[in-house]
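Before any comments, here is the structure.
The values are calculated or read from the model by the stated rules, or taken from the named source; none is laboratory data. Predicted model only: the values in this text are computed from it and were never measured. Positions of Cβ are backbone-derived with ideal geometry, glycine not excepted, and every protein chain shown enters the neighbour counts.
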Amino acid sequence: MAKISADDKNRYFNRIKPYRETIKSLLKKEQIILAEIKKDSANASFMRLGLIDEMINLASNYIVLSCMSQSMINLKNEEALNDGRKSLYKAVIYLEEVVSSYIDAPYSDYEDKLAVIASLDASHRYNLVRRLGLCIDLLKNAYGDNTKWRWAFVELEGRFAAGVKNIIDLKNAVTNTDPRSPNYEPAMRHLLLIKKLLMQAADRYRQKYELSTNHIDDFRMGIHFLSALRRLHTILSERREVESVKKKHDIWSAKLEADIKKIEAASKKIL
């Protein structure tokens, strides 16, 4: 690795100084909002939604720091990337606290949480999760393909997918798919995003199982996301899609059962 000159270092540190200041300000603002949440439980959900925006801004600044480090002194700033990843985890956790972390559950199980944010329109809900998803993608790209965090992103993206599903108003989802609905465009975009993310989460959990961990729970989680996708297609009366996901679910479930039997047989041989 080429030696970094003193001039290049000074130029770099001067360039990132405003971003460092912004990061400090955002972290301080987060603590202020968290303190307010403890005092005002009635508006806690909306304040947590605000925190998601702050965490997106925070992660974006960390990503900029890493990009500048790469371009100006030819070093990947792993510390900034890790802080960005932690910020996005917090954003997903704040989303879960507002709308629940359920993956495959009836809408009635978390409907009470959605009732609290009923005044939040469809566009705001979609734009919030779209921005969060974009920031997750930007962070993954900044890490690169060979990062040790490759499989850690499977959990982050899976939890994000569940949050994207849970924040939509499923009670009015069918009504909003009518082109005459004022919420038609954001609702349709949101539903397309949910379907994409649920299938992606299922596929990536299976990849994690087969290429990395060999943990049965990872495969089970993938099947769980397929169940959630099938439930959504059922709610929307998308029969062809229901059958397609059901076939994939059944094939995966049979594979899981066979793998469990192999593991049990191998364990018996050892004993």
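A few notes on this one:
- So Leu120, is it modelled with pLDDT of 95 or more, at negative phi and either of a type in the set (D, E, K, R) or within 19 Å of the chain's Cα centre (by Cα) (or both): no
- One residue alone among Tyr209, Tyr184 is buried (at least 16 other Cβ atoms within 10 Å of the Cβ) and more than 15 Å from the chain's Cα centre (by Cα), and that residue is Tyr209.
- Residues within the stretch 1-43 that are touching a residue at least 24 places away in the same chain (Cβ under 8 Å) and among the small types (Gly, Ala, Ser), tallied: 1
- Residues that are of a type in the set (Ser, Thr, Tyr), surrounded by 18 or more Cβ atoms within 10 Å (Cβ to Cβ) and either within 22 Å of Ala187 (Cβ to Cβ) or out of contact with any helix residue (DSSP H, G or I) (no Cβ under 6 Å at 6 or more places or on another chain) (or both) occur in the stretch 94-105; there is at least one.
- Residues satisfying the stated conditions in the stretch 81-129, i.e. under 12 Å from Met55 (Cα atoms) and touching a Lys or Arg at 6+ places or on another chain (Cβ under 6 Å): Val92, Tyr94
- Looking at Ser108, Ser69, just one residue is more than 22 Å from the chain's Cα centre (by Cα) and in the same structural domain as Asp169 (by TED's automatic domain parsing), and that residue is Ser108.
- Failed item, numbered, when Asn146 is tested on (1) out of contact with any helix residue (DSSP H, G or I) (no Cβ under 9 Å at 6 or more places or on another chain); (2) under 30 Å from Ser87 (Cβ atoms); (3) of a type outside the set (Val, Ile, Thr); (4) at pLDDT 90 or above: (4)
- Selection status of Asn176, buried (at least 18 other Cβ atoms within 10 Å of the Cβ), over 21 Å from the mean Cα position of the chain (by Cα) and either among the β-branched types (Val, Ile, Thr) or modelled with pLDDT under 95 (or both): yes
- For the stretch 195-252, filtering for residues that are of a type in the set (S, T, N, Q), in contact (Cβ under 8 Å) with a residue 12 or more places away in the chain and under 18 Å from Lys165 (Cβ atoms) leaves 3.
Listed here are the residues, each with its yes/no results for (1) more than 19 Å from Ser100 (Cα to Cα); (2) not charged (D, E, K, R).
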| position | (1), (2) |
| --- | --- |
| Ile168 | no, yes |
| Leu191 | no, yes |
| Met199 | yes, yes |
| Asp203 | yes, no |
| Asn214 | yes, yes |
| Arg220 | yes, no |
